Amino acid sequence: MAQRVAVSEAPAGSRRTSRVRVAVRLRPYMDTQDDKGEGPCVRGLGPQKLEIINWRNATETLQYQFDVFHGEETTQQEVFLTSVKPILPHILNGQNASVFAYGPTGAGKTHTMFGSQEEPGVIPRAVREVFNLVGAQEKSQDGWEYSVGMSYLEIYNEKVLDLLSPGSQDLPIREDKDRNILIPGLTHTPLSSFADFDTHFIPASLNRTTASTKLNQRSSRSHAILLIKVVKSRCGPPHRQQTGKLYLVDLAGSEDNRRTGNQGIRLKESGAINLSLFTLSKVVDALNTGAGGRVPYRDSKLTRLLQDSLGGSAHSVMITNIAPDYRYYFDTFSALNFAAKSKQIVNRPFVKETVLAPTIAHGKRSREEREAGGSVE
Ligand code: ADP
Ligand code: MG
């Protein structure tokens, strides 16, 4: 199903570059402003595909294919198990990984990454799992000692700010002789357990710079980046050491700010946010098309920071969050075009079917449709 490149299995010395795995998550329809009764404009078509109405011609839909499609009924646990858990063991082997939530404001990035007390997202689940994996290794007495630590930062207006040290200045991003990316001066907090993580992470999350836009009161204009580092050290001589890094990133909204009424300072922020997101899209594109050209990591702070954990020998997953409501249409459309492996125009009226079989609006398909369309989730 997935087209992951198992870099660990590549021949020694090979410079094979791994793809960024792309998942799309559709949040449930919840448009309270939908007085026209339009219903959703996007729906799932199975474990890898979805379709959206073609605005140029409403008798057609556009069908997109990804590595994974998470439909609106997908639970937090399912997203974690499918898209994130499989990459975590690599962190204990000195490899790097990154997980991003991409998409317009209001589409579910923060829900996916942070979640809530009742429905924890990728971040708490991944950190818990890292401690489980470390615990299991220690129990097996594999000859290594493990230590886990965290850093937490945001990129706001192309400035790198330490969320564990509020009020700190813009921090520099450097590369060492082994091509590891590091941020001198960034707080690194050792963690002894998941509970320990929570006590540092929750108050630090409140330090995030947020500002409201017309689209969403709780909209975030910054990229929030959590780094979990696992250092393993050989118990006896020779004293070898390996470091694995896991980046968990809640990206700023990908919406087109010309439509959110942003002005002045907000518009300046939008420009900077767009630089990082625009560069990220170019980097992902360069990695996934494997054109062999230059990957423009250095063109923004976000991609520069992630250079050693995105592509190369790293394991990366991008979860593109989208909303099915019409008012998100163009932002959804541009997010899908960024995320898609393939796109196809299909002659098949979307709106009419929604009217004839209202259950479709809730992610279920009629029997005729299932029979005609093959397997569904
Ligand atoms: P973003 O971070 O992309 O701006 P949020 O995560 O804040 O979006 O989501 C916007 C709203 O939608 C929130 O109230 C959130 O709880 C809700 N939401 C998002 N995704 C889901 C989902 N899969 N299931 C239920 N509610 C969701
Ligand atoms: Mg958010």
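The values are calculated or read from the model by the stated rules, or taken from the named source; none is laboratory data. Owing to the predicted nature of the structure, the values given are computational and were not obtained by experimental measurement. Note: ideal-geometry Cβ built from the backbone for every residue, glycine included; neighbour counts use all protein chains shown. For accessibility, only protein heavy atoms count, side chains too; no ligands or nucleic acids. Shrake-Rupley method; radii C 1.70, N 1.55, O 1.52, S 1.80 Å.
The table for this structure:
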| item | result |
| --- | --- |
| Other-chain or far-sequence residues with amide H under 5 Å of Arg221's (modelled H) | Ala211 |
| Long-range amide H partners of Asn54 with built H, under 5 Å | Glu60, Thr61, Leu62 |
| Theoretical FRET efficiency, 1/(1+(r/R0)^6), r = Cβ-Cβ of Arg327 and Ser147, R0 41 Å, to 0.05 | 0.30 |
| Listed pairs Lys85/Lys229; Lys109/Lys177; Lys177/Lys232; Lys49/Lys159; Lys159/Lys232 exceeding 28 Å between Cα atoms | Lys109/Lys177; Lys49/Lys159; Lys159/Lys232 |
| Trypsin sites (Lys or Arg not before Pro) lying in DSSP loop within region 291-338, provided at most 11 other Cβ fall within 10 Å | Arg294 |
| Per residue solvent-accessible surface (Å²) - region 129-181, probe of 1.4 Å | 53 Å² |
| Cleavage-rule hits, trypsin sites (Lys or Arg not before Pro), region 47-109, DSSP coil, Cβ neighbours within 10 Å at most 10 | Arg56 |
| Carbon and sulfur %, accessible surface of region 302-341 computed with the full protein complex present, 1.4 Å | 53 percent |
| Cα-only Debye scattering, region 109-256: base-10 log of I(q)/I(0) at q = 0.13, 0.18, 0.19 Å⁻¹ | -0.66, -1.15, -1.24 |
| Residue-level accessible surface for Trp55, protein heavy atoms, 1.4 Å, Å² | 120 Å² |
